[in-house]
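The values are calculated or read from the model by the stated rules, or taken from the named source; none is laboratory data. Predicted, not measured: the structure shown is a model, and the values here were computed from it. Cβ coordinates were reconstructed from backbone atoms using ideal geometry, including for glycine residues, and neighbour counts include every protein chain displayed. Ligands, DNA and RNA are excluded from the accessible area calculation, which covers all protein heavy atoms including side chains. Shrake-Rupley method; radii C 1.70, N 1.55, O 1.52, S 1.80 Å.
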Amino acid sequence: MKRIIYIIPILLIPLLGFSQTDTKIYDIINSISADGIQSDIETLANFGTRHTLSDTISETRGIGAARRWIKKEFDKISRECNNCLEVFYQKDLVKKGTNKRITKDVWVVNVVAIQRGTKNPNSFIAMSGDIDSRITDPNNFTDDAPGANDNATGMAGALEAARVLSNYKFDNSIIYVGLSGEEQGLFGGKGLANFAIEKNWNIIGVMNNDMIGNIKGVDGIIDNRTFRIFSEPTPPTETANQRRARRFYGGEVDGISRQLARYIYKTTKTYMPEMNPKMIYRLDRFGRGGHHRPFNDVGFAGIRIMEAHENYTQQHQDIRTENGIEYGDKLKFVNFEYTKKLTAVNAINLASIASAPLAPKNVGIGGIVQASAKLSWQPVKEAKGYKIYWRDTTSPTWDHFKYVEDITEFTLDGIILDNYFFGVSAIGKNGHESIVSFPTKIIR
């Protein structure tokens, strides 16, 4: 007797057809101010240099003046929202000779502002920008290094996101942070990642913003809508057994950072369809690194949001003119409206993740040699329901789903396990959705 499989049509409805929207997300987009961002970038660039090893005593020049100003801005934002932010310095001493770029003992000081969640105060989604700057010689900490795009833009974005989002309350906590020591060896990120481990923080993800203000590439392309999301494929902390399992079960492009990248892609396409997010399947630019990497190194999800078209004559360059080419990271090269757009991308993802339940844990999958796929997961507090996702193994995005309530396991009849990748997310009563969890165990 032949077995007849009936496939329910709803199972094949594309993802974006069933996306829910929250009107406050549009309000957040509209509240981001290009003028405010421009003012902050100008202030940061006018400190002359923000090199990690630069002056810490002056009130007008050097990284010390810059970080004190950033803290005052966070403190001001906190006062205006009835002290809704916990603002503090987090610092570590890095000794001379730690690497070739540390030519003297230096305190690497981060400026942190935490907006505590009302339901999950120990779970955090973070937006970071870098405080420090540099020119051609990474050890030159005296000459002018305005760092207008790299990375006053990312730091200004974090300040502006805090100004806007501090007007709302969220279930999960948000971290806005200026990280130091990036150009000298990613020391600020390493310090904060270790601090998070010491404090037993549950880091949902880190969105590192590094250069979000340039729209004209060195190749002549001008583009004010496209941006890149860099993410590594799998965590470097995975065990040998987990690596071996991937040979048989898949998941080579489904680590926690990649799921965060997909979430940002989807949220952006839902609320800012005029933007063109490009997921780049790489930790960072070829052979290079950013301040999300230290968080990845200890097992946290982290991605880099960055302009699509770089101009290398304006990065890490002594200020000069040669052969008619103007070199240096100057204010005149920053497009403030573009920085506003990418700040809005960050803000809506911070708000969405901070409004959502936590992602399902212990997702299991089964259905070997069967004409179906079975998913199971632990119940998530505050979840109204769950979305069971699947996609072609070559697809970069979660393309199909089935929504369920009041259960923590479900069988997708007619969906062959061998032909797709699967995941599960949690949906809150407010309609906000967690990041997708990829299966971590096999149901026999």
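See the values below:
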quantity: Residue 305 being in contact with a Pro (Cβ under 8 Å, 6 or more places away or on another chain) and at pLDDT 95 or above; calculated: no
quantity: Residue in the range 336-354 that is closer than 25 Å to residue 225 by Cβ, among the basic types (Lys, Arg) and at pLDDT 95 or above present; calculated: yes
quantity: Test: residue in the range 58-65 that is part of a loop (DSSP other than H, G, I, E, B), open to solvent by less than 10 Å² (accessible area, probe 1.4 Å) and of a type outside the set (Val, Ile, Thr); calculated: yes
quantity: All positions within the range 228-251 that are over 25 Å from residue 206 (Cα atoms) and hydroxyl-bearing (Ser, Thr, Tyr); calculated: 249
quantity: From 151, 140, 172, residue being touching a residue at least 24 places away in the same chain (Cβ under 8 Å), surrounded by fewer than 22 Cβ atoms within 10 Å (Cβ to Cβ) and of a type outside the set (Phe, Trp, Tyr); calculated: 140
quantity: Single condition residue 288 does not satisfy, out of (1) surrounded by fewer than 22 Cβ atoms within 10 Å (Cβ to Cβ); (2) in contact (Cβ under 8 Å) with a residue 24 or more places away in the chain; calculated: (2)
quantity: Flag for residue 202 being open to solvent by 10 Å² or more (accessible area, probe 1.4 Å) and touching a residue at least 24 places away in the same chain (Cβ under 8 Å); calculated: yes
quantity: Number of positions in the range 314-329 that are open to solvent by less than 50 Å² (accessible area, probe 1.4 Å) and not acidic (Asp, Glu); calculated: 6
quantity: Any hit, the range 178-187, residues being hydrophobic (A, V, I, L, M, F, W, C), open to solvent by less than 10 Å² (accessible area, probe 1.4 Å) and within 23 Å of residue 133 (Cβ to Cβ); calculated: yes
quantity: Any hit, the range 217-228, residues being in contact with a strand residue (DSSP E or B) (Cβ under 8 Å, 6 or more places away or on another chain), surrounded by fewer than 24 Cβ atoms within 10 Å (Cβ to Cβ) and part of a helix (DSSP H, G or I); calculated: no
quantity: Residue within the range 110-125 that is open to solvent by 10 Å² or more (accessible area, probe 1.4 Å), touching a Ser or Thr at 6+ places or on another chain (Cβ under 9 Å) and either part of a helix (DSSP H, G or I) or of a type in the set (A, V, I, L, M, F, W, C) (or both) present; calculated: no
quantity: Selection count, the range 24-57, where residues are of a type outside the set (A, V, I, L, M), closer than 23 Å to residue 162 by Cβ and open to solvent by 10 Å² or more (accessible area, probe 1.4 Å); calculated: 14
